[in-house]
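Chemist: Before we start, here is the structure in question, set down as C-alpha cells.
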Protein chains: 2
Amino acid sequence: MELLIEKIKNEGIVLSSSVLKVDSFLNHQIDPQLMQEVGKEFAERFADSGITRILTIESSGIAPAVMTGLQLKVPVVFARKRKSLTLVNDLITASVYSFTKQETSEISVSKKYLDEKDKVLIIDDFLANGQAALGLAEIAKKANASIAGIGIVIEKGFQDGGRLLREQGYRVESLAILDSLENGMVSFENSSEKMEELAR
Amino acid sequence: MELLIEKIKNEGIVLSSSVLKVDSFLNHQIDPQLMQEVGKEFAERFADSGITRILTIESSGIAPAVMTGLQLKVPVVFARKRKSLTLVNDLITASVYSFTKQETSEISVSKKYLDEKDKVLIIDDFLANGQAALGLAEIAKKANASIAGIGIVIEKGFQDGGRLLREQGYRVESLAILDSLENGMVSFENSSEKMEELAR
C-alpha cells in the first residue's frame, strides 16, 4: 500500500535493527485519514471472504480494525490484555509471549462476542514474531469460529511471524512488509512493492 | 444523541446502581457505524472551535476519538496508562485515580505530539468521577496547549465528574447523560432528551 509505505519512509524512526517506531501515525498518535485508507484496503482484500466479525487487540490494533469494520459493516471485538487470570468466567483466553517485554500475558475475549457462526478477520498493527496473532487465532478457534485471514498494517518480514502464520495455512495480508531495518534504514520487501505496482 | 440513547436502552446492562455495561458496542465489542455517527456528532458540536488535535486515553476512548478525528481532519493522540513511572524522558504525565480499581495510575503522552500551538479536544467513552478527563486536561495544560472542550460518549450525570469539569470552566459535551441506574433501570437526564428533541 503505497500511501502507507510513503508514510513509513517519511515518519518512521529506526531505533535498532529490529525496532521501527511509528508513533506519529499508528502507535501513539493516530492519523485517522490514513487509518481510513488502511480500512478500505483490508476491506477490499477480504471483500469476498464473508467476514462477520473483526478481532483485534488493544490498543494499537483498534484504529485500523474499527476502520476496516466500518467498511465491511461488521462489529469489531478487541481482546483485552491482563497480567493475571482474574475472572475467567465467560471469557475465552490465550497466553501471549512478548519477546520485547520478555513476559507472558493473558489476552481475553468475552464468549458473548465470538461464536461458531463467525468468520473472523484478525487485524493487528504489527507482525513480528506472530505471538499476538497466534493468540487471537487461538481465541477464535476456542470459540469454534472460522478464521478468514489476518490483516497486518506493518509486517517485519525479517522476523518469524509471517512465515509461521502462513505455514499454518492462514491467509496473511500485510499492507507494508519490511525487509530490513539494518544500518538505520527501512527497506521494503521487493515482492510487496512489486505487488503494489501490479495492483495499480 | 438519539441513536446512542436507543442503543443504550436496547443493549446496556445495569450491573449496579453505578455501573452500566456497554460491552456490546463501546468497551469490548465496538460498533463502527455507531462510532462514525458519534464522531460526526462531536465534529459538529466542535466545528467552530479550531481543534488541531484530539486527545484521548487507551483503550475505549480510541474508537470515538479516531472517528471524530476523521471528521475534523486532525490527528488523534492516545495517552498510555502505565502502573509505574519508567521512562519519563520526553513524556508528559499525570496521575489518575480510579475509584473503581482504587488505584492510581500514571498516564502519559509524548511531548512530540502536543504543544502550545494546539487547541485540544479531549474525548473519552465515559465520564463518572472525571479523573481521567482531569488527567488528560492536566497533560494538555502541561504542554501549554489550550483546551477547546471535552467530548464524552456517556456521562453518568449522577456522579461528580461533569459538575467538577464544568465548574472549572470546561465546555463538556456529552452525547448521552444518565440520570440514574437505580432499580436496574437506565434513565436519561430530561434536559438531554429534551435537547435531543429540540435539535430535530
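The values are calculated or read from the model by the stated rules, or taken from the named source; none is laboratory data. Since this is a predicted model, take the numbers as computed values, not measurements. Note that we place each Cβ from the backbone using ideal geometry, even for glycine, and neighbour counts take in every protein chain shown. The accessibility values were calculated without ligands, DNA or RNA, using every heavy atom of the protein model including side chains. Shrake-Rupley method; radii C 1.70, N 1.55, O 1.52, S 1.80 Å.
Chemist: Using the structure shown, select from A:LYS73/B:LYS40; A:LYS40/B:LYS111; A:LYS9/B:LYS142; A:LYS111/B:LYS21; A:LYS73/A:LYS101 the pairs with a Cα to Cα distance greater than 25 angstrom.
Modeler: The answer is A:LYS40/B:LYS111; A:LYS9/B:LYS142; A:LYS73/A:LYS101.
Chemist: Right, here's the next one. So for chain A: antiparallel DSSP bridges make up what percent, rounded to the nearest 5?
Modeler: Of all bridge pairs located within chain A, approximately 40 percent are antiparallel.
Chemist: Another question about this same structure. Gain in length, A:VAL19 to A:ASN144, computed as 0.36 nm per residue apart minus the alpha-carbon separation, to one decimal in nm?
Modeler: 41.5 nm
Chemist: Put the label 7 Å from Cα along Cα→Cβ for A:PHE99; what are its distances to the other copies, in nanometres, shortest first?
Modeler: Result, one decimal in nm: 4.5.
Chemist: Using a 1.4 Å probe on the heavy atoms of the protein chains only, list every residue of region B:14-43 that has 40 Å² or more less accessible area in the complete assembly than in its chain alone.
Modeler: In region B:14-43, residues shielded by partner chains: B:HIS28, B:GLN29, B:ILE30, B:PRO32, B:GLN33.
Chemist: Based on the Cβ-Cβ distance from B:LEU3 to A:MET185, what FRET efficiency comes out when R0 is 45 Å, to the nearest 0.05?
Modeler: 0.40
Chemist: How large is the dipole of the protein assembly as shown about the Cα centre if only Lys and Arg carry +1 and Asp and Glu carry -1, each at its Cβ, rounded to the nearest 20 debye?
Modeler: Its charge dipole is roughly 620 debye.
Chemist: To continue, here is another question. Return the FRET efficiency for the residue pair A:GLU167, A:GLU44: r is the Cβ-Cβ distance, R0 is 25 Å, and the value is rounded to the nearest 0.05.
Modeler: Computed FRET efficiency for A:GLU167 and A:GLU44: 0.45.
Chemist: Calculate the mean, over all residues of peptide B:59-67, of how many other protein chain Cβ atoms lie within 10 angstrom of the residue's Cβ.
Modeler: 6
Chemist: In addition: Distances over 40 Å make up what percent of all Cα-Cα pairs in the protein assembly as shown?
Modeler: More than 40 Å apart: 13 percent of the Cα pairs in the protein assembly as shown.
Chemist: Rounded to the nearest 20 debye, what is the charge dipole size of region B:1-136 about its Cα centre when +1 sits on each Lys and Arg Cβ and -1 on each Asp and Glu Cβ?
Modeler: It works out to roughly 400 debye.
Chemist: Please give the residues of region A:58-76, grouped as numeric ranges, whose backbone N is less than 16 Å from a label point set 7 Å along the Cα-to-Cβ vector of B:GLU58.
Modeler: Output list for this probe position: A:58-66.
Chemist: Measuring from label point to label point, each 7 Å out along Cα→Cβ, what is the A:GLN33 to B:ASP90 span in nm?
Modeler: Result: 2.5 nm between the two label points.
Chemist: In region A:56-152, which trypsin sites (Lys or Arg not before Pro) are in a loop and have at most 12 other Cβ atoms within 10 Å, using DSSP for the loop call?
Modeler: Answer in residue order: A:LYS73, A:LYS83, A:LYS101, A:LYS117.
Chemist: In a GNM of chain B with a 10 Å cut-off on Cα contacts, which of B:THR100, B:THR56, B:THR68 has the highest mean-square fluctuation?
Modeler: For chain B, modelled as a Gaussian network with Cα springs under 10 Å, the answer is B:THR100.
Chemist: Taking a point 7 Å out from Cα toward Cβ as the label site, list the nm distances between B:LEU15 and the same residue in every other copy, smallest first.
Modeler: 3.2
Chemist: Please grab the % of Cα pairs in region B:53-129 that end up more than 21 Å from each other.
Modeler: 30 percent
Chemist: Of all DSSP beta bridges in the protein assembly as shown, what percent run antiparallel (nearest 5)?
Modeler: The antiparallel proportion sits near 45 percent.
Chemist: Collect residues whose amide H, placed 1.01 Å from N in the peptide plane, falls under 5 Å from the amide H of A:LEU55; neighbours closer than 5 in sequence don't count.
Modeler: A:VAL77, A:LEU121, A:ILE122, A:ILE123
Chemist: Counting only Cα, what are the radius of gyration and maximum Cα-Cα distance Dmax of region B:7-101, in Å?
Modeler: 15.7, 46
Chemist: To continue, here is another question. If I model region A:2-199 as equal point scatterers sitting on the Cα atoms and use the Debye formula, what is log10 I(q)/I(0) at q = 0.09, 0.14 Å⁻¹?
Modeler: Debye curve over Cα of region A:2-199, log10 I(q)/I(0) at q = 0.09, 0.14 Å⁻¹: -0.31, -0.78.
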